[in-house]
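Participant: Structure provided below as structure tokens; questions to follow.
The values are calculated or read from the model by the stated rules, or taken from the named source; none is laboratory data. Here the structure is a predicted model, which is why all the values come from computation and not from measurement. For neighbour counting, all protein chains shown are included, and Cβ atoms are generated from backbone atoms with ideal geometry for every residue, glycine included. Surface accessibility is based on the protein's heavy atoms, side chains included, excluding ligands, DNA and RNA. Shrake-Rupley method; radii C 1.70, N 1.55, O 1.52, S 1.80 Å.
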Amino acid sequence: MTQRWVVPLLGVVALALVGAFGWSVVFASDPMDTPSGPRTGVSPPAAGGGAPTPAPHTSAGHGAPEPRRRAVPALYLGDSLAMESGQALAERLGATGRAKLHSAPHSGTTLCDYLTAWRGRSLVPDRDKAATLVRTLRPRVVILQFWGNAWGYTPCMAGATHGTAGYYDRYAADARALTDEIAAAARAAGLARPKIVWASQAPDAFHPDRVRRVNAVYAAQAAASGDLYADAGRTLGPADDRYRWARQLPCDAYERAHPAYCTHPAPGGGTTDLHRVDDALHFCLAPTTTTPRACPVRSPGIGRFARAVAATVDGWLRGATG
């Protein structure tokens with residue numbers, strides 16, 4: 001079975017409930033009633049609320065535009081964090097001129113949901129399985145973003161609960177299997193194998209060692225298969241303590257240069273909000289809804305994540321395409 005919980009209205013209530021009932025009950029990874037979101041296909045339109053992510057600087061920071069080239073397809077798969085960040089990432093990659101993002105995230109999911117080898121109940125329809133999308137969209141890059149959902153959120157993780165040996169073993173095995181399925185789908189379609197980019201996760205408010213170990217699985221898989229590890233989650237934790245959760249952090253250089261992303265500016269720097277007070281997981285500063293969606297408001301945490309992933313993808317494409 002799957003479960004969905006709505007995020008409490010007040011952070012203080014949530015924190016009190018955590019002590020009594022545990023992390024997964026109060027801050028479900030995907031507090032949505034609908035198990036899967038709309039497939040977004042091609043690059044989405046500009047962000048709602050009139051707050052698109054500013055375009056990156058031009059080549060070498062000298063203001064000279066780079067030669068126009070054909071953007072290659074990039075595929076983005078993941079859970080609700082991918083759903084809320086897909087629009088910002090599409091804008092970031094689109095602004096480079098090197099990649100056009102196709103997103104197919106589904107709330108509550110994890111790696112096994114995207115495997116064609118999984119024959120049980122899944123939150124991802126067959127049309128959005130990783131191998132199917134590789135064959136149809138022919139991506140040059142596949143970006144994978146998974147926070148670490150377990151049994152209770154997605155049925156394909158039946159029997160694997162957060163923090164158990166079986167949970168980490170499943171993630172390692174499924175990371176290998178998903179890598180193999182992506183490579184096999186490309187071979188069957190006569191394509192060059194896509195470069196896989198594993199996006200690291202931000203600190204977990206209540207179980208920091210869990211996300212540290214999940215990130216280690218992703219980094220190890222990237223190294224073993226010659227793929228990329230984008231440590232986007234590092235930008236969402238304190239500089240001096242990678243896995244300590246924080247609702248606010250000092251504004252970074254980008255946010256200071258773009259003050260709309262520094263939510264509490266002050267002489268010498270200021271701070272910016274990464275989470276709402278009632279949601280310790282998601283980075284969208286608008287309330288979560290029962291209908292999965294891209295984040296409709298400017299949200300610094302999403303901006304940080306998207307910039308880090310886009311930098312990894314664009315850096316590889318620069319070298320791969322000359």
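Participant: By how many nm would the segment from Asp126 to Ala239 grow when fully extended, if each residue of separation counts as 0.36 nm and the alpha-carbon distance is taken off?
Facilitator: Between Asp126 and Ala239, full extension yields an extra 36.6 nm.
Participant: Per residue, what accessible area does region 212-322 have, given a 1.4 Å probe and all protein chains present, in Å²?
Facilitator: Computed with neighbouring chains in place, this is 43 Å² per residue.
Participant: Another question, then. Suppose R0 equals 41 Å; then what is the FRET efficiency for Ala173 and His264 from their Cβ-Cβ distance, rounded to the nearest 0.05?
Facilitator: My answer for the efficiency is 0.40.
Participant: Something else: Output needed for region 206-256: three equivalent-ellipsoid semi-axes, defined as square roots of 5 times the C-alpha gyration tensor eigenvalues, in descending order, whole Å.
Facilitator: That gives 24, 15, 6 Å for the three semi-axes.
Participant: For region 108-138 and region 183-261, what is the centre-to-centre distance using only Cα atoms, to the nearest Å?
Facilitator: Value for the Cα centre distance between the two parts: 21 Å.
Participant: Order Phe146, Phe206, most accessible first, counting only protein heavy atoms with a 1.4 angstrom probe.
Facilitator: Order by accessible area, largest first: Phe206, Phe146.
Participant: Using the Cα atoms of region 248-322 to build a convex hull, what is its mean projected area in square nanometres?
Facilitator: Hull-based average projected area comes out at 6.6 nm².
Participant: When only alpha-carbon atoms count, how far does region 115-243 stretch along each of its three principal axes, as whole angstroms with the largest first?
Facilitator: Projected onto its principal axes, the Cα set of region 115-243 covers 45, 32, 21 Å.
Participant: While we're here: Put a dot 7 Å past each Cα toward the Cβ at Ala320 and Arg212; how far apart are the dots in nm?
Facilitator: So the label points at Arg212 and Ala320 sit 3.2 nm apart.
Participant: Using 7 Å Cα-to-Cβ label points, what is the Arg69/Ala189 separation (nm, one decimal)?
Facilitator: Between Arg69 and Ala189, the label points sit 2.1 nm apart.
Participant: Just check region 114-156 against the gyration tensor rule for me: Cα atoms, a ≥ b ≥ c as the square roots of the eigenvalues, rounded for a/c under 1.5, and otherwise prolate or oblate depending on whether a/b exceeds b/c.
Facilitator: Cα axes put region 114-156 in the oblate bin.
Participant: For the pair Leu137/Ala219, report the inter-label distance in nm, with labels modelled 7 Å from Cα in the Cβ direction.
Facilitator: It is 2.7 nm.
Participant: For region 166-322, what does the relative contact order come out to in percent, with C-alpha contacts under 8 Å and a separation of six or more? Write down the numbers at each step before the final one.
Facilitator: Working: 220 pairs, mean separation 28.2, N = 157.
Relative CO of region 166-322 lands at 18 percent.
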